[in-house]
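Encoded as structure tokens, the structure appears first; notes follow it.
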Amino acid sequence: MRLKFLFPILVFAGLLAFFFIGLGHDPSLVPSPLIDRPAPEFDLPPLEAGAEGLKTADFMGRVTLVNFFASWCLPCKAEHPLLIQLQKEGRVRVVGINYKDKPEEARRWLAEEGNPYDRIGVDPSGRVAIDWGVYGLPESYLVDQKGRIRWKHVGVLMPDDWQEDFLPRIERLDP
């Protein structure tokens, strides 16, 4: 008879523990099985005619921030000023992968807001984003000089994220 009364209490305690543990988790810290592995192989066409596209081999030799973005992505617009600042500082190479976007819209947006990217590859089908494990836009990845993914950030990249998560890793990779 006691089990009949204890069961709801045990269920409630289990749910309470589940929610308590979940509340302490930062949703922007989405684990990636690609951390410390080579970046997926790809070769994307450029956004601008006559420009160079983007491929895996482009990561070799320099620490690179890879940013998945689109002109229709409102959070991408929120992080854009920081990407412009990073490009000006030159501490890290910034490249973009334009995800499922109309090229003319992306070109217009970058012409209006400024282009922080050294190179831009166009991923119209989203296949490359799938290979990288992109959950949603924007997402940014830190790739080392050997083409290995060292960090992933989901969501808007903010100055605090840059200072606390990216810069310490960049300093270890590129002293």
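A search for C-beta distances below 6 Å between a residue of the stretch 35-63 that is closer than 11 Å to ASP144 by Cβ and any residue that is exposed (fewer than 13 other Cβ atoms within 10 Å of the Cβ), counting only pairs 6+ apart in sequence or on different chains, returns VAL63/ASP174.
Quick one: in the stretch 156-169, which of the residues that are in contact with a strand residue (DSSP E or B) (Cβ under 7 Å, 6 or more places away or on another chain) and assigned to a helix (DSSP H, G or I) is farthest from ALA39 (Cα to Cα)?
ASP161
Taking the criterion of being touching an Asp or Glu at 6+ places or on another chain (Cβ under 9 Å) and farther than 16 Å from GLU41 by Cβ, the residues of the stretch 135-151 that qualify are PRO138, SER140, LEU142, ASP144, GLN145, ARG150, TRP151.
Looking only at the stretch 85-117, residues that are modelled with pLDDT of 95 or more, surrounded by fewer than 17 Cβ atoms within 10 Å (Cβ to Cβ) and assigned to a loop (DSSP other than H, G, I, E, B) come to 3 in all.
Per the listing TYR135, TYR141, the residue uniquely at pLDDT below 95 and of a type in the set (Ser, Thr, Tyr) is TYR135. For the stretch 33-55, the count of residues that are over 16 Å from ILE120 (Cα atoms) and over 18 Å from the mean Cα position of the chain (by Cα) is zero.
Across the stretch 118-128, which residue is nearest to TRP72 (Cα to Cα) among those that are surrounded by 14 or more Cβ atoms within 10 Å (Cβ to Cβ) and without any contact (Cβ under 8 Å) to a residue 60 or more places away in the chain?
Once the filter is applied, the top-ranked residue is PRO124.
The set of residues in the stretch 129-143 being within 20 Å of PRO75 (Cβ to Cβ) and part of a helix (DSSP H, G or I) consists of ALA129, ILE130, TRP132.
In the stretch 138-165, the residues that are in contact (Cβ under 8 Å) with a residue 60 or more places away in the chain and at positive phi reach residues that are assigned to a strand (DSSP E or B) and surrounded by fewer than 17 Cβ atoms within 10 Å (Cβ to Cβ) with C-beta atoms within less than 7 angstrom, at least six apart or across chains, in these pairs: GLY147/PRO38.
Applying the set (1) closer than 15 Å to VAL63 by Cβ; (2) in a helix (DSSP H, G or I) to HIS153 leaves exactly one unmet item: (2).
Checking every residue in the stretch 86-100 against the condition of being more than 17 Å from the chain's Cα centre (by Cα) and in contact (Cβ under 8 Å) with a residue 24 or more places away in the chain gives at least one match.
The values are calculated or read from the model by the stated rules, or taken from the named source; none is laboratory data. The shown structure was predicted, so the numbers you read here are calculated from the model rather than taken from an experiment. Ideal geometry is used to build each Cβ from the backbone, glycine not excepted, and the neighbour counts take in all protein chains shown.
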